[in-house]
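Peer 1: This structure is in structure tokens; I'll ask about it shortly.
No lab work stands behind these numbers, since they all come straight from the coordinates. This structure is a prediction, so every number in the text was calculated from the model and none was measured. Note: ideal-geometry Cβ built from the backbone for every residue, glycine included; neighbour counts use all protein chains shown.
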Amino acid sequence: MSALDPCPCGSGRVYGACCGPFHDGAPAPTAEELMRSRYTAYVLGRTDHVFRTWHPRTRPDDLSPDPGLTWTGLEVLRTEAGGPDDATGVVEFRASFHTVAGDDTLHEVSRFERRGGRWVYV
């Protein structure tokens with residue numbers, strides 16, 4: 001993906017000014033931005049970013065992508081806290097995807113917390 005392509009997270013910004021820097025190691029300033037970058041990492045197969053931003057206490061052993069799944073859209077429904085000065089946050093979202101069985105949607109209320117000064121998905 002080019003830095004000038006629209007970011008898959010749906011923010012309306014280009015990848016290089018949105019999720020790209022987080023994939024390259026920059027810390028996300030908010031829980032929502034981390035969640036958006038994790039979605040984009042799934043879209044792009046960047047499991048390194050997914051692994052790095054998942055709390056070790058809840059992270060699964062295998063993060064191999066499902067080759068039959070294509071992520072098709074993200075809608076952030078609400079956030080609670082999760083700002084630059086918060087220790088915890090919640091992001092509710094819907095992520096659309098396509099599989100051989102058809103189209104579907106994942107609806108999740110995700111918890112985030114700061115660990116070592118960086119947001120992680122719990």
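Peer 1: From ARG57, ARG46, ARG13, ARG38, which residue is basic (Lys, Arg) and more than 22 Å from THR72 (Cβ to Cβ)?
Peer 2: ARG57
Peer 1: Quick check on this structure: which one of ARG38, ARG59 is closer than 14 Å to TYR121 by Cα, surrounded by 15 or more Cβ atoms within 10 Å (Cβ to Cβ) and touching a residue at least 40 places away in the same chain (Cβ under 8 Å)?
Peer 2: ARG38
Peer 1: Given the conditions (1) touching a helix residue (DSSP H, G or I) at 6+ places or on another chain (Cβ under 6 Å); (2) surrounded by fewer than 18 Cβ atoms within 10 Å (Cβ to Cβ); (3) in contact (Cβ under 8 Å) with a residue 40 or more places away in the chain, which single one is not true for PHE112?
Peer 2: The one condition PHE112 does not meet is (2).
Peer 1: Right, next: Only residues that are more than 16 Å from TRP71 (Cα to Cα), assigned to a loop (DSSP other than H, G, I, E, B) and in contact with a helix residue (DSSP H, G or I) (Cβ under 6 Å, 6 or more places away or on another chain): list them for the range 5-49, please.
Peer 2: ASP5, ALA28
Peer 1: Still on this structure, please answer the following. In the range 64-106, how many are surrounded by 13 or more Cβ atoms within 10 Å (Cβ to Cβ), part of a loop (DSSP other than H, G, I, E, B) and either of a type in the set (Lys, Arg) or out of contact with any strand residue (DSSP E or B) (no Cβ under 6 Å at 6 or more places or on another chain) (or both)?
Peer 2: Of the residues in the range 64-106, 2 are surrounded by 13 or more Cβ atoms within 10 Å (Cβ to Cβ), part of a loop (DSSP other than H, G, I, E, B) and either of a type in the set (Lys, Arg) or out of contact with any strand residue (DSSP E or B) (no Cβ under 6 Å at 6 or more places or on another chain) (or both).
Per-residue answers, yes or no, for (1) under 15 Å from the mean Cα position of the chain (by Cα); (2) under 22 Å from VAL109 (Cα atoms); (3) not charged (D, E, K, R):
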| position | (1), (2), (3) |
| --- | --- |
| PRO6 | no, no, yes |
| PHE22 | yes, yes, yes |
| GLY25 | yes, no, yes |
| PRO29 | yes, yes, yes |
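Peer 1: Output the residues belonging to the range 1-31 that are under 23 Å from ARG115 (Cβ atoms), out of contact with any Gly (no Cβ under 6 Å at 6 or more places or on another chain) and either buried (at least 18 other Cβ atoms within 10 Å of the Cβ) or not aliphatic (A, V, I, L, M) (or both).
Peer 2: Listed by number, the residues that qualify are CYS9, CYS18, CYS19, GLY20, PRO21, PHE22, HIS23, ASP24, GLY25, PRO27, ALA28, PRO29.
Peer 1: Just to be sure I understand the filter: pairs with C-beta atoms under 6 Å, separated by 6 or more residues or on different chains, first member in the range 16-30 and touching a residue at least 12 places away in the same chain (Cβ under 8 Å) and under 17 Å from SER2 (Cα atoms), second member surrounded by fewer than 16 Cβ atoms within 10 Å (Cβ to Cβ) and of a type in the set (Gly, Ala, Ser). Which pairs pass?
Peer 2: Taking only residues 6 or more apart or on different chains, the pairs are GLY16/ALA3; GLY20/ALA3.
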